[in-house]
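Participant: Below you'll find the structure I mean.
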Number of protein chains: 2
Amino acid sequence: ILLANGVYAAAYPLHDGDYEGENVEFNDRKLLYEEWACYGVFYKYQPIDLVRKYFGEKIGLYFAWLGVYTQMLIPASIVGIIVFLYGCATVDENIPSMEMCDQRQNITMCPLCDKTCSYWKMSSACATARASHLFDNPATVFFSVFMALWGKQGLSGKNIGDDPRFMFRLLGSSLHRERHTVKLTWRDRFPAYLTNLVSIIFMIAVTFAIVLGVIIYRISMAAALAMNSSPSVRSNIRVTVTATAVIINLVVIILLDEVYGCIARWLTKIEVPKTEKSFEERLIFKAFLLKFVNSYTPIFYVAFFKGRFVGRPGDYVYIFRSFRMEECAPGGCLMELCIQLSIIMLGKQLIQNNLFEIGIPKMKKLIRYLKLKRQSPPDHEECVKRKQRYEVDYNLEPFAGLTPEYMEMIIQFGFVTLFVASFPLAPLFALLNNIIEIRLDAKKFVTELRRPVAVRAKDIGIWYNILRGIGKLAVIINAFVISFTSDFIPRLVYLYMYSKNGTMHGFVNHTLSSFNVSDFQNGTAPNDPLDLGYEVQICRYKDYREPPWSENKYDISKDFWAVLAARLAFVIVFQNLVMFMSDFVDWVIPDIPKDISQQIHKEKVLMVELFMREEQDKQQLLETWMEKERQKDEPPCNHHNPKACPDSLSSPAPSHTYHGGVL
Amino acid sequence: ILLANGVYAAAYPLHDGDYEGENVEFNDRKLLYEEWACYGVFYKYQPIDLVRKYFGEKIGLYFAWLGVYTQMLIPASIVGIIVFLYGCATVDENIPSMEMCDQRQNITMCPLCDKTCSYWKMSSACATARASHLFDNPATVFFSVFMALWGKQGLSGKNIGDDPRFMFRLLGSSLHRERHTVKLTWRDRFPAYLTNLVSIIFMIAVTFAIVLGVIIYRISMAAALAMNSSPSVRSNIRVTVTATAVIINLVVIILLDEVYGCIARWLTKIEVPKTEKSFEERLIFKAFLLKFVNSYTPIFYVAFFKGRFVGRPGDYVYIFRSFRMEECAPGGCLMELCIQLSIIMLGKQLIQNNLFEIGIPKMKKLIRYLKLKRQSPPDHEECVKRKQRYEVDYNLEPFAGLTPEYMEMIIQFGFVTLFVASFPLAPLFALLNNIIEIRLDAKKFVTELRRPVAVRAKDIGIWYNILRGIGKLAVIINAFVISFTSDFIPRLVYLYMYSKNGTMHGFVNHTLSSFNVSDFQNGTAPNDPLDLGYEVQICRYKDYREPPWSENKYDISKDFWAVLAARLAFVIVFQNLVMFMSDFVDWVIPDIPKDISQQIHKEKVLMVELFMREEQDKQQLLETWMEKERQKDEPPCNHHNPKACPDSLSSPAPSHTYHGGVL
């Protein structure tokens, strides 16, 4: 109340003392600083018990969860590296990329944009094709299954939530504290809910619009660069366009992340939720929804939409009547997805970690420091020494809640699991980031923030549900990435249905359709077709369509439907296989702890018996005294209810839970 | 021990008294008989508390679960009836079946067996096509989604397991009682495990062999009947063959069910499981596996394999070189699936309920009664009256466990959920059966069985896992039934891809391929082709293949792949939609009880506070006495540990659980 009236500027628990310097006494803060909050101890387990004791359970749980998650990333990273190395080792034996690089094949491809682009040779995409193989090989399929299981099983925070030490302190938790005592009816809430819905839809529409804007930037950029006469510019069109577009995407994502965080907070405030807990959950849900859409829309576009709706030569699809939809590189969209994913993931981690988590707090501290200096310029050195604990702590940043930390990790978890089929190194980068992140956060809590009020928590709350949702989504998205974005299924179909000698020879030719250049629509044929030194009559494009000499020329061919059926069948098999294996793992793994749980049960029974005997003894003693007392003066145990008194002492039930906390 | 030495023939708790007669005193058994165990009260809720009190928790749980399940069948039955009525109402507007019945279309179909069968007219399958529509209409798809959600959500027994009255009695349960004190190593167990694996695989192989045998019976029967010259026989071939084959299947299923039950018991015994609970779980798992395979194999065959691997005219697929694979009726296999399902489900219920649950106990009772009569022929009337309770009860059947009852219900649950897409009336028949089943079982427990030893149980145990498994399986199986067994997807594909005027006209023609009769292999052309009164040159068969005048004649056509892709896409959409909706329902429904749980939490906190205050008062009182006592003679509370004594009295934790049982 004093806080609300402005008498005090802030209320916060004090830190234990200084963490640095030689002549400070030994305290928990110093211990934490030395054993936890510096990079030198990154290989050690965190002192979770001490963290919980010093900062409260909620923060303890966050660090425990982060530790478990980071530990779980280790096997995932190792398998990811092995898969990547397998790709590197087999790149020279890969027949499709060899065929694409083969100069003798001399396949002429149809132009990538109208008028300004010219025909190009298949072999010029050789580097992309070889790079694609690093991420698009059979080991990736195995890795996807592995990661889908990993995502569904491992990281549920269950192992933490089940820790009984966390369980028996919930009683009297402040989470159910009411924020507002006024009861609002549904009618009062309706405008707020409507605002919420409209705002969220509007934000998502903004995100989509920005992604569309970037697409149009790419299309026009590519066309503009193709007009440029300098050959060095023309040879690097794809790289330039992709890189600049991804960087634009990245900047937009980071900026919108901050904006959306504020909007989510505002939207939740106007909803007036009943309790602190419900406020937090609603805020997290909204912020997560917006940030998820923001971070993943460009990636989803590259994975599932880019290059699907391009039409065909002579009948291209245009957006806004003038921009022809872009195609994927001949090595498949997977390569582009990988570039997109790695730049966004790494860029986000680096910028958000370095700039926002180290830079901005440092800067704020500097500003405070300068302010202080201006107030007492001469002897600030001694001044600091002589200041009271609360004054020193007031100079620190206030604690802003764990939501941003969790959010960052969850979005990272999404990068690691959702599109792992296209980027096997994602777990490795996440692991490296997290090893730094733990100590960075620890340092922040120990040295740069005011000591937060200890809050009790039973589990990681709504984050657990979000993690589970991402785990489920990961299975279906990986299934689609493998079957639709990568060339895995077309290769299998070619191998078993069309290949004449059981090898992949001829696969590249099989995936390309032919187009007679005389069928170009007016004004779309390339202006400068004599670039290659011979006249082009037939150009090739990546699709399954009937050839120009067929009866229904350029119609979708039988191969297209066969490949599509195979792709869909793969999705069904993948999804159900992962679900079945996940259940199977669930069913097999508890077999070992079952014996332990029986052991615990037995121990519990024994302890209950012991306790009961003890209680009986006590009760007998008590009854003896009571007898004596009763003989003397008043009836002693009649305080509330004569029967309840011995009952509540002799009942074995309480001891069950009471000892449960120790087991 | 006395039991094991043969001193006593049996040990069992006694019933409370007689349940019939006018001059018997009022007791629980009589009350149960009147209020629970007769058919007249079928519309009432069961007196679960009384059942639990009289028979113990395990049996109480079974009846509670059965009651909840039966209640949940009511909405499912109602929706099922509505779907069926919708089918009946729209059968005359259904264009495909109208086209099939149209005599003017005059489509000549290829013969259904080699040599002996002749060509036949499409319009002769008119009745089947019309009947098919009853189960194969768009409402069925909606119903499948509904039932998949119903199966996944509703029937988990959760609502029972969560009942706190069942929770707080588990302590000291006998389930963890060890059956054998000898510790067996993995080496000792290996032969038993191997026997188990081999036996189970062998049993499953036997089931498959029997189903194959029935298939061959059908094929040869159809060919034999087709040779018969009588036209009345020939017109009813399909009905006769299907009916006899299904009845054979049914008899085999019922017989093998009994055999497999015994085998599962024997196999579990040689495994020597550690505890009673583990014995029961292993037995149930094995018995379920065998009975599931036994009951569903013929149905799976009809749903997914029949008519898929027939080859094509001129190149049929043969098994054992002489039996041509059978085809489905032109209305789709769904009709046959429906017949198969309804006969097996109803037959199993009727025979197992009436014969095994009413007939055999009655017969056994009669035999015991006759035996008794022979021992004391003259005055048995008064003899019975004068007999002691234990003598009367000894004449009753011993209690054989709940496994058969649960098993019957689970298999029924499978019929209701797994193939509900093909038989919307299944929930109704299950409901009718269960209303009788509850009272039948109740009667059996009250009047015909010895009173079982009361066993404690927390939940329905492994059955819950089996139910969840069936629920998951139901989603994927229903998706496949709708997309592959029914004609729903081909109709949709025709409507959106091929139909010229947006109606279904021409659909039947589109699903049929043409065959030039001159392409029949030697010796497979029909002997008697002049049956129809004109010479047949082109006959039609149900498949998507190239016509005889095409370049690649009789190859699989583009339409086939397009329809296959659509079918697979439907499976993916259906499965993920149901999964998403299931999660959504999970997420929405607990919103209401959340407020209640907060209420409960608050009450709990209040009670804890009250209790603490009470305890403090008591402790103060106690301390006062102790003070007095100490002044007088010995230190009173030093019995075990001086500090533990006030602690264990004032701690608020015990009260938490103690009151939890009441909440």
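Participant: Would you pick out the residues in the stretch B:112-130 that are in a loop (DSSP other than H, G, I, E, B) and of a type in the set (A, V, I, L, M)?
Facilitator: First, the residues of the stretch B:112-130 that are in a loop (DSSP other than H, G, I, E, B): B:112-119.
Result: B:Leu112, single match.
Participant: Taking the stretch B:302-331 as the search range and keeping residues that are under 25 Å from the mean Cα position of the chain (by Cα) and closer than 24 Å to B:Ala127 by Cβ, which one is surrounded by the most Cβ atoms within 10 Å (Cβ to Cβ)?
Facilitator: Step by step, filter the stretch B:302-331, then rank; the result is B:Val302.
Every residue, every condition in (1) assigned to a helix (DSSP H, G or I); (2) of a type in the set (D, E, K, R); (3) modelled with pLDDT under 80, yes or no:
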site	(1), (2), (3)
B:Val392	yes, no, yes
B:Met409	yes, no, no
B:Val416	yes, no, no
B:Pro424	no, no, no
B:Pro427	yes, no, no
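Participant: Moving on to the next point. Just to be sure I understand, how many residues within the stretch A:493-504 are of a type outside the set (Phe, Trp, Tyr) and surrounded by 15 or more Cβ atoms within 10 Å (Cβ to Cβ)? Lay out the reasoning, then the answer.
Facilitator: Going residue by residue through the stretch A:493-504, those that are of a type outside the set (Phe, Trp, Tyr) are A:493, A:495, A:497, A:499-504.
Within this subset, residues satisfying the condition of being surrounded by 15 or more Cβ atoms within 10 Å (Cβ to Cβ) are A:493, A:499, A:504.
Number of matching residues: 3.
Participant: Anything in the stretch A:89-106 that is hydrophobic (A, V, I, L, M, F, W, C), in contact with a helix residue (DSSP H, G or I) (Cβ under 6 Å, 6 or more places away or on another chain) and surrounded by fewer than 19 Cβ atoms within 10 Å (Cβ to Cβ)? List them, or say none. Lay out the reasoning, then the answer.
Facilitator: From the stretch A:89-106, those hydrophobic (A, V, I, L, M, F, W, C) are A:89, A:91, A:95, A:98, A:100-101; that's our starting set.
Restricting the remaining residues to those that are in contact with a helix residue (DSSP H, G or I) (Cβ under 6 Å, 6 or more places away or on another chain) gives A:91, A:100-101.
A:Val91, A:Cys101, listed by residue number.
Participant: Give the number of residues within the stretch B:536-558 that are of a type in the set (Ser, Thr, Tyr), within 14 Å of B:Asp519 (Cβ to Cβ) and either within 14 Å of chain A (Cβ to nearest Cβ) or touching a Cys at 6+ places or on another chain (Cβ under 7 Å) (or both).
Facilitator: From the stretch B:536-558, those of a type in the set (Ser, Thr, Tyr) are B:541, B:544, B:550, B:554, B:557; that's our starting set.
In the following step, the residues that additionally are within 14 Å of B:Asp519 (Cβ to Cβ) were identified as B:541, B:550, B:554.
Now narrow it down to the ones that are either within 14 Å of chain A (Cβ to nearest Cβ) or touching a Cys at 6+ places or on another chain (Cβ under 7 Å) (or both): B:541, B:550.
Selection size over the stretch B:536-558: 2.
Participant: In addition: If I go through the stretch B:562-574 residue by residue, how many of them are more than 7 Å from every other protein chain (Cβ to nearest Cβ) and either among the polar types (S, T, N, Q) or touching a residue at least 60 places away in the same chain (Cβ under 8 Å) (or both)? Quick ask: steps written out before the conclusion?
Facilitator: The first filter runs over the stretch B:562-574 and keeps only residues more than 7 Å from every other protein chain (Cβ to nearest Cβ), leaving B:563, B:566-567, B:570, B:573-574.
So of that shortlist, the ones also either among the polar types (S, T, N, Q) or touching a residue at least 60 places away in the same chain (Cβ under 8 Å) (or both) come out as B:563, B:566-567, B:570, B:574.
Looking only at that region, the number is 5.
Participant: Could I ask something else about it? In this structure, does A:Glu280 turn out to be assigned to a helix (DSSP H, G or I), within 17 Å of the chain's Cα centre (by Cα) and on the phi < 0 side of the Ramachandran plot? I'd like the intermediate steps shown before the answer.
Facilitator: Values: assigned to a helix (DSSP H, G or I): yes; within 17 Å of the chain's Cα centre (by Cα): no; on the phi < 0 side of the Ramachandran plot: yes.
So A:Glu280 does not fit the description; no.
Participant: Out of all the residues in the stretch B:233-278, which are free of Cβ contacts under 8 Å to residues at least 12 places away in the same chain, closer than 23 Å to B:Ala192 by Cα and polar (S, T, N, Q)?
Facilitator: Result: B:Ser278, single match.
Participant: Taking the stretch B:552-582 as the region of interest, how many residues are under 25 Å from the mean Cα position of the chain (by Cα), at pLDDT below 90 and not aliphatic (A, V, I, L, M)?
Facilitator: Here the count works out to 2.
Participant: Determine which single condition B:Ser499 fails, assuming it passes every other condition in (1) over 18 Å from B:Cys117 (Cα atoms); (2) in contact with a Phe, Trp or Tyr (Cβ under 6 Å, 6 or more places away or on another chain).
Facilitator: (2)
Participant: Out of the helices (runs of 4 or more DSSP H) lying entirely within the stretch A:10-102, which hold 3 or more residues that are modelled with pLDDT of 65 or more?
Facilitator: Counting at least 3 such residues, we get A:48-55, A:57-90, A:95-101.
Participant: Moving on to the next point. Can you tell me which residue in the stretch B:128-176 is modelled with the lowest pLDDT, limited to those that are within 30 Å of B:Cys338 (Cα to Cα) and of a type in the set (Ser, Thr, Tyr)? Walk me through how you get there before you give the answer.
Facilitator: First, the residues of the stretch B:128-176 that are within 30 Å of B:Cys338 (Cα to Cα): B:128-157.
Among the residues that remain, those that are also of a type in the set (Ser, Thr, Tyr) are: B:128, B:132, B:140, B:144, B:156.
Working: B:Thr128: 79, B:Ser132: 81, B:Thr140: 86, B:Ser144: 87, B:Ser156: 46.
Checked the stretch B:128-176; the qualifying residue modelled with the lowest pLDDT is B:Ser156.
The values are calculated or read from the model by the stated rules, or taken from the named source; none is laboratory data. Predicted model only: the values in this text are computed from it and were never measured. We place every Cβ from the backbone using ideal geometry, glycine too, and count neighbours over all the protein chains shown.
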